[in-house]
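Here the structure comes first, spelled out in structure tokens, and everything after it is commentary.
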Amino acid sequence: MSDRNDDIKVYQDKKTKAEDYKSSAYTLLFVGVIGMIALVLMMAGVLPFRFAGAGRFITYGAMGALFAVFIVMGIASFQSSKRYAMEAVQEDDLTERIKAWAKVHLTADAIRRSTWSEAGTPDEMKYFQYFEAIKTAVTQEFGSMNASYLDALCEELYADLFEEQ
């Protein structure tokens, strides 16, 4: 039986993703290049240890393939890093436009008036109502967007509106 929390995805902004891919690329390239150099030095007899026997060629081939895969994955990670870095600029621009719009058009009082709750409604329930009202307002103004991005952004907007008081 699947847990409902398995479907929840935590939003990670594009700038952070770009940095993660870049650091992964450096690590993969470093390990791949150093491994290839060590492998060549082992085969040439420069390093004091070598694989012996008939299976040495299979071992050298497997290790060489592994280090080559590391290098290829490092290059792919660099390309992904560049792509996410470009997307981060667009995402930051959209975030700033939404926050500027919200500063002008959304107030805590307006959100409270736009939702209905009975007297004695717990604050936790009000939070969800206010959060949905903010989400609806942003979606109506800016159109549909990535659900996890929208949730993370609305969390910030909620904090700006209600936690300052």
Original post:
Ranked from highest to lowest mean number of other Cβ atoms within 10 Å per residue, what is the order of the peptides 130-136, 111-117?
Top reply: 130-136, 111-117
Original post:
Quick one: putting +1 on the C-beta of Lys and Arg, -1 on the C-beta of Asp and Glu, what dipole do you get for the chain around its Cα centre, in Debye to the nearest 20?
Top reply: 1180
Subject >> Karplus-derived HN-Hα couplings along the stretch 138-148 (A = 6.51, B = -1.76, C = 1.60, θ = phi - 60°), whole Hz, x at Gly and Pro >> reply: 5, 5, 5, 7, 10, x, 6, 8, 3, 4, 5
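Using only alpha carbon pairs under 8 Å that are at least six residues apart, calculate the relative contact order of the chain and give it in whole percent.
Averaging sequence separation for qualifying contacts and normalising by length gives 29 percent for the chain.
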Subject >> Furthest towards positive pole of dipole, Trp116, Phe30, Ala54, structure part the stretch 1-126, Cβ charges >> reply: Ala54
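Just need the relative contact order of the stretch 72-165 here, percent rounded to a whole number, with Cα pairs under 8 Å and 6+ apart.
31
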Subject >> Relative packing of peptides 98-107, 28-37 - highest average C-beta neighbours within 10 Å first >> reply: 28-37, 98-107
Subject >> Alpha-carbon centroid distance for the pair the stretch 72-97 / the stretch 7-49, whole angstrom >> reply: 19
Original post:
About its Cα centre, how strong a charge dipole does the stretch 11-85 have in debye, to the nearest 20, once Lys and Arg get +1 and Asp and Glu get -1 at the Cβ?
Top reply: 140
Original post:
Among Gly64, Val89, Gly45, whose Cα sits farthest toward the positive end of the charge dipole of the chain (+1 at Cβ of Lys/Arg, -1 at Cβ of Asp/Glu, about the Cα centre)?
Top reply: Gly45
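Bear in mind that the values in this text are calculations on the coordinates, not laboratory data. What you see is a predicted model; the values in this text were computed from it and never measured. Note that each Cβ is placed from the backbone with ideal geometry, even for glycine, and that neighbours are counted across all protein chains shown.
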